[in-house]
1. If each DSSP helix of 4+ residues adds -39,500 (n - 2.57) and the sum is divided by the residues in the chain, what number results at 222 nm, nearest 500 deg cm²/dmol?
2. Place +1 on the Cβ of every Lys and Arg and -1 on the Cβ of every Asp and Glu in the chain, take the dipole about the Cα centre, and give the residue among P66, L32, L109 whose Cα lies farthest towards its positive end.
3. For the chain, which DSSP H helices look membrane-span-like by this rule: Cα extent along the axis of 18 Å or more and mean Kyte-Doolittle of at least 0.5?
4. I'm a student and want to see the number: the projected area of the Cα convex hull of segment 1-68, averaged over all directions, in nm².
5. Could you work out Rg/(2.2 N^0.38 Å) for the chain, with Rg from alpha carbons only?
6. For segment 43-89, report the convex hull volume of the alpha-carbon atoms normalised per residue, in Å³, without decimals.
7. Taking the Cα-to-Cβ direction at A49 and at V133 and moving 7 Å from each Cα, how far apart do the two end points lie in nm?
8. Post the alpha-carbon centroid distance, segment 1-70 to segment 82-120, in whole angstrom.
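Since every read-out is calculated from the coordinates, none of them should be taken as a lab result. Quantities reported herein were computed from a predicted structural model and do not represent experimental measurements. Here the Cβ is made from the backbone with ideal geometry for all residues, glycine too, and neighbour counts use every protein chain on show.
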Amino acid sequence: MSLVVNLAAGLIFGIGLVISGMANPAKVLNFLDVAGSWDPSLAFVMLGAIAVTATGYHFVLRRPKPLLDSGFHLPVQNNIDRPLVIGSAIFGLGWGLFGFCPGPAVTSLGLAATGTLVFVPTMLIGIVAASLVRKRPSEIKEA
């Protein structure tokens, strides 16, 4: 049951990315180009997403536990540290240079969008490299 719900949620998310234009790197890059051909439409997409998410959290967190898990898995840290700043900078550079972030990039693979065949494998290599860097040397030897 959990797999079906996760697949449905992913499909709805992907469809939303395509409909909103977030899977189109040119539209994203125009949104980020505030000094040139700025396209503010993605700001409305983001505001809509924030409104839906805030409403969802308001109702869901009133429940004692999620429907398909034993408990909620909410962040326990709220401090701004070096890994957060570095990760955010890398994310921003990737988004600004290519017009993709992870969700839309994976969605765009299904659309055969140009650039995704380079971006997605490079992103996956970066994810693996980051996880190896964050591990202690003893954990790497055991793996």
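1. About -22000 deg cm²/dmol.
2. P66
3. Helices meeting the span and hydropathy rule in the chain are 2-20, 41-60, 82-98, 116-134.
4. Result: 5.6 nm².
5. 1.24
6. 129
7. Going from the A49 label point to the V133 one covers 2.4 nm.
8. With segment 1-70 and segment 82-120 each reduced to a Cα centre, they are spaced 15 Å.
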